[in-house]
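A short worksheet on the structure shown next.
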Amino acid sequence: MTENSLKQMNVYSVSYVYTLLVGDHTRVHWDKYVWNRLSIPKHRFVIWLAMKRRLQTTEHLHRIGVSNTSNCLICGNGVEDHVHLFFSCYYSEKILKKVKDWMGIKTQKQELMELIRWLSRSNHSKFQKQVLAAVWAAMVYYIWGARNDAYWNSQVVNIDTIVHRIQKMVIERVYSVLPKKLSRKDREWMRSRALLVCN
Ligand SMILES: [Zn+2]
């Protein structure tokens, strides 16, 4: 801040000066679904990067001159940016479809931010929303992992394998941190999801 900008202020306001100094960190609508207790910590971090569009996608690597292509490493069909990976790519689209079927979700929403918004507005209970947020985070984590596998090992993990990993990880996590006070309805709901997953 300059002396001039202080002089221009008619009344000294602490909050105004604070905003000027640290910037306006507007609260985002999605943070509680990203920093969600039922999500696995490493999944939270990757979904947070995805929401901020900070993952080092091939499109980004191409733009900064590191990669000679911007094409998706998984399907080779389309520019690999955040929208493509989550979930326009045929690979992630199929994973999303299978996961939605597992969770009994009807929404046609297809993009990560839209899916979070849909979740915040849906009439699921608080617990169910937390489980679904953990599912979104696991999906982003494993799709990003599959993309990295394609990058480093030139191989793409089978879709059903990824879906199974997502299901197993979420179920394990949810049951390990299950809230003590859980309604019978929520308990049944979770149990019915878990029963759909084969070992
Ligand atoms: Zn793709």
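Shown for region 28-195 is the translational diffusion coefficient from the Stokes-Einstein equation, using the Kirkwood radius over Cα pairs, a temperature of 25 °C and a viscosity of 0.890 mPa s: 150 µm²/s.
Hydrodynamic radius of region 98-147 by the Kirkwood approach over all distinct alpha-carbon pairs: 11.4 Å.
Treating only the Cβ atoms of Lys and Arg (+1) and Asp and Glu (-1) as charged, compute the dipole magnitude of the chain about its Cα centre; round to the nearest 20 debye.
Computed charge dipole of the chain: roughly 1060 debye.
What pairs in 126/168; 94/181; 106/185; 52/181; 94/180; 109/180 have C-alpha atoms more than 29 Å from each other?
Among 126/168; 94/181; 106/185; 52/181; 94/180; 109/180, the Cα-Cα distance tops 29 Å for 94/181; 52/181; 94/180; 109/180.
Inter-label distance, residue 194 to residue 90: 3.7 nm, where each label sits 7 Å from its Cα along the C-beta direction. Sorted on the mean count of surrounding Cβ atoms within 10 Å across their residues, most packed first, peptides 93-105, 76-88, 184-196 read 76-88, 93-105, 184-196. Taken one residue at a time, the phi angles of region 53-70 give Karplus couplings (6.51, -1.76, 1.60, θ = phi - 60°) of 6, 10, 6, 7, 5, 5, 4, 5, 4, 5, 5, 8, x, 8, 10, 8, 9, 10 Hz. Gly and Pro are set to x.
Read-outs: derived from the displayed coordinates by stated rules, not from any lab. Because the structure is predicted, anything quoted here is derived from the model rather than measured. No Cβ is skipped: glycine too gets one built from the backbone with ideal geometry, and neighbour counts run over all protein chains shown.
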